[in-house]
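Throughout, read-outs are computed from the coordinates displayed, never taken from laboratory work. These figures come from a predicted structure and were not determined experimentally. Here the Cβ is made from the backbone with ideal geometry for all residues, glycine too, and neighbour counts use every protein chain on show.
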Amino acid sequence: MAARRMMSLEVQGRIKELILGHRLAPGDPLPTESEMMELFGVSRNSVREALKALQAVSIVDIRHGFGTYVGSLSLDSFVDGMVFRAAVRHRRGEASLYELLEVREALESGLIFTVAERLPAEDLGALREVVRAMEREAAAGRVTAATDRAFHLALYRSLGNHLLSEVLDAFWSAFHRVREELAEDTGDPHVTCARHRAIVTALEAGDGAGAADAMRHHFAGIRGVLSASAPAPRAAAAPTGERGGGVPRQVRARSGGVAE
């Protein structure tokens, strides 16, 4: 098994080298399985295992009946991992949502000064329009995640850093997906709208410090909502090897019963 894994990792590395060496872009075709077998001197199973592993992280895209292509190279698999990790830890009473929020706050509060210095009129207009959409949604009872996402994407677009935009969006997506899957309370929509409006008002004045304060106030409000709906902490249990997914005998013995 170890040798098989090492072979898969080696073939994955060779495929990555091929993409880099030929300066391929997302959507470009890759050699066929047979061509890769000959090129790398490995079996079909080794090629297929490597391709499946690379597909899982968006490096390749296997289109059955058409061929294999360079993947989107997105952060989707990174987000999926964060979402599952955070959901598991949150259900155990750990501070996983707070941790995601802290990363978002550190990134966004630190960048807002630069945004305030050079925010184009077009992007400021887009932010105003998103806030107006939030106001309409708040009047209907709920600010949608799509509108909130549009606000945060537009806020940092002027920085022109594609990787930064992807990372910010990845943490936004992970945080909101966990909240949706756990049915977390999102708070008063009118308050949510007011906090976003305060950020735009500071940006309109070119006030970087004011925008940062408004951003911190925005995240403080989210923390308050999380605190109000946080689950009670629970003691960590040792991994179990027993069938049926039950609590290990030694844990039941210590706790005096089955953990809820």
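Axis angle, to the nearest 10 degrees, between helix 208-229 and the longest C-alpha principal axis of the chain: 70 degrees. The trypsin sites (Lys or Arg not before Pro) found in segment 39-109 that occupy coil by DSSP, while having at most 16 further C-beta atoms within 10 Å, are 92.
The alpha carbon radius of gyration of the chain, expressed as a multiple of 2.2 N^0.38 Å, is 1.30. Working value for segment 140-205: equivalent-ellipsoid semi-axes of 21, 19, 8 Å, each the square root of 5 times a Cα gyration tensor eigenvalue, largest first. Across segment 35-97, C-alpha contacts under 8 Å between residues 6 or more apart give a mean separation that, scaled by the residue count, equals a relative contact order of 18 percent. Mind checking the angle between helix 2-21 and the chain's longest principal axis? C-alpha axes, 0 to 90 degrees, to the nearest 10. Relative to the chain, helix 2-21 is tipped by roughly 70 degrees.
Normalised by the number of residues in the chain, the mean separation of alpha-carbon contacts (under 8 Å, six or more apart) gives a relative contact order of 18 percent.
Seen from a random direction on average, the alpha-carbon convex hull of segment 108-183 projects onto 5.5 square nanometres. The relative contact order of segment 78-179 comes to 44 percent, based on Cα pairs under 8 Å that sit 6 or more residues apart.
3J(HN,Hα) along segment 46-57, derived from phi through the Karplus expression 6.51 cos²θ - 1.76 cosθ + 1.60 where θ = phi - 60°, amounts to 5, 5, 5, 4, 5, 5, 5, 5, 6, 5, 5, 10 Hz, with x in place of Gly and Pro.
One decimal place: the segment residue 227-residue 17 gains 70.9 nm when fully extended, by the rule 0.36 nm per residue minus the C-alpha distance. I'd like the orientation of helix 189-204 relative to the chain: the angle between its Cα long axis and the longest Cα principal axis, in ° from 0 to 90, rounded to 10. Helix 189-204 sits roughly 80 degrees off the main axis of the chain.
The largest-to-smallest principal axis extents of the Cα set in segment 28-84 are 39, 20, 17 Å.
Database remark: amide H of residue 60 closer than 5 angstrom to the amide H of 55, 71 (H placed geometrically; neighbours at sequence offset of 5 or more, or on other chains; Pro and chain starts carry no H). Pair-distance distribution P(r) for segment 1-144, from all Cα-Cα distances in 10 Å bins starting at 0: 10, 23, 22, 23, 16, 6, 0 percent.
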